[in-house]
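The values are calculated or read from the model by the stated rules, or taken from the named source; none is laboratory data. Note that the coordinates shown come from a computational prediction; the quantities given were computed from them, not determined experimentally. Backbone-built Cβ (ideal geometry, glycine too); neighbour counts: all protein chains shown. Each accessible area value is taken on the protein alone, full model and side chains, heavy atoms only, with ligands, DNA and RNA left out. Shrake-Rupley method; radii C 1.70, N 1.55, O 1.52, S 1.80 Å.
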Amino acid sequence: MKWMDISMRLDAETPPWPGDEPFTYEVTYAMEDTGSVNVGQFKGSCHIGTHVDAPFHYDSSGARIADLPVERFAGKAVVVHLDRPEVIHKEQVMDIDLTEVDKILFRTNSWPDRSAFPASYSVIGSDLAAYLAEQGIDLIGVDTPSVDPETSKDLPAHHSLCAHDLLILEGLVLENIQPGIYELMAFPLKMTQADGSPVRAVLRNL
């Protein structure tokens, strides 16, 4: 079985959400000083690179990242290709067989340059969540920074997905992934108070 890494690299070139904390790493104790090990520290937004949103991110009474069941971040996922749609609506997925999967990942090709935050990108329509939930989907993944536009304040996609208990995985790298069904694993860090977490997202051929 082949493993495929669908995560963004985290380094000084990883673009954060505009105005948010960028990723940094530094060696705080070098081997020359300790005599045995290098020890480093990192800093960055919970939403840097490939990451999961917890409901607390957009709802102050929502669950934190450590509250979410770990099994929700693994399972059969279908990768769907849509070429740079402005908005993804339910009509665009109604012909897709979802009977064997519980997760759906959208490859939109709308964030081609991962060294810069995109001026625009595909987003999720608020009509999609109810349909996906009816089909047994419990997680949606996108190859964009967010399921809502950068300028959105009411975040309709986030709230509609949460209302139908769909978890949100953003910032996937799917440019080399063909349409089809895979095994997905994308586990967040168990941070008790966090509103989200970077993940190492991987797919495996079934």
Check: What Kirkwood hydrodynamic radius, in Å, does segment 145-187 give when the mean of 1/r is taken over all pairs of distinct Cα atoms and then inverted?
Finding: 12.5
Check: Which loop trypsin sites (Lys or Arg not before Pro) in segment 1-109, with loop taken from DSSP, have no more than 15 other Cβ atoms within 10 angstrom of their Cβ?
Finding: LYS2, ARG9
Next item on the list: Calculate, for ARG84 and ASN38, the FRET efficiency according to 1/(1 + (r/R0)^6) with r their C-beta to C-beta distance and R0 25 Å; round to the nearest 0.05.
Entry: 0.05
Check: Looking only at segment 80-107, which residues have a backbone nitrogen under 13 Å from a spot 7 Å from the Cα of ALA133 in the C-beta direction?
Finding: none
Notebook entry, point to check: Kirkwood Rh, Cα Rg: Rg to Rh for segment 98-206?
Noted result: 0.94
Notebook entry, point to check: Relative contact order of segment 1-154: what whole-number percent is it, with Cα pairs under 8 angstrom and at least 6 residues apart?
Noted result: 19
Notebook entry, point to check: What is the extension gain from TYR25 to ASN176, computed as 0.36 nm multiplied by their sequence separation minus the C-alpha to C-alpha distance, in nm to one decimal?
Noted result: 51.6 nm
Notebook entry, point to check: Can you list, bin by bin at 10 Å, the percent of alpha carbon pairs in segment 1-111, starting at 0?
Noted result: 10, 25, 36, 19, 7, 2, 0
Item checked: Highest-MSF residue in the chain out of PRO145, PRO18, PRO112 [GNM, Cα springs under 10 Å] -> PRO18
Checklist line | Quarter of the Cα convex hull surface for the chain, i.e. its orientation-mean projected area (nm²) | finding: 12.7
Next item on the list: Rank these by accessible area, largest first, 1.4 Å probe: PHE56, PHE42, PHE106, PHE187.
Entry: PHE42, PHE187, PHE56, PHE106
Item checked: Antiparallel DSSP beta bridges within the chain, as percent of all bridges there, nearest 5 -> 65
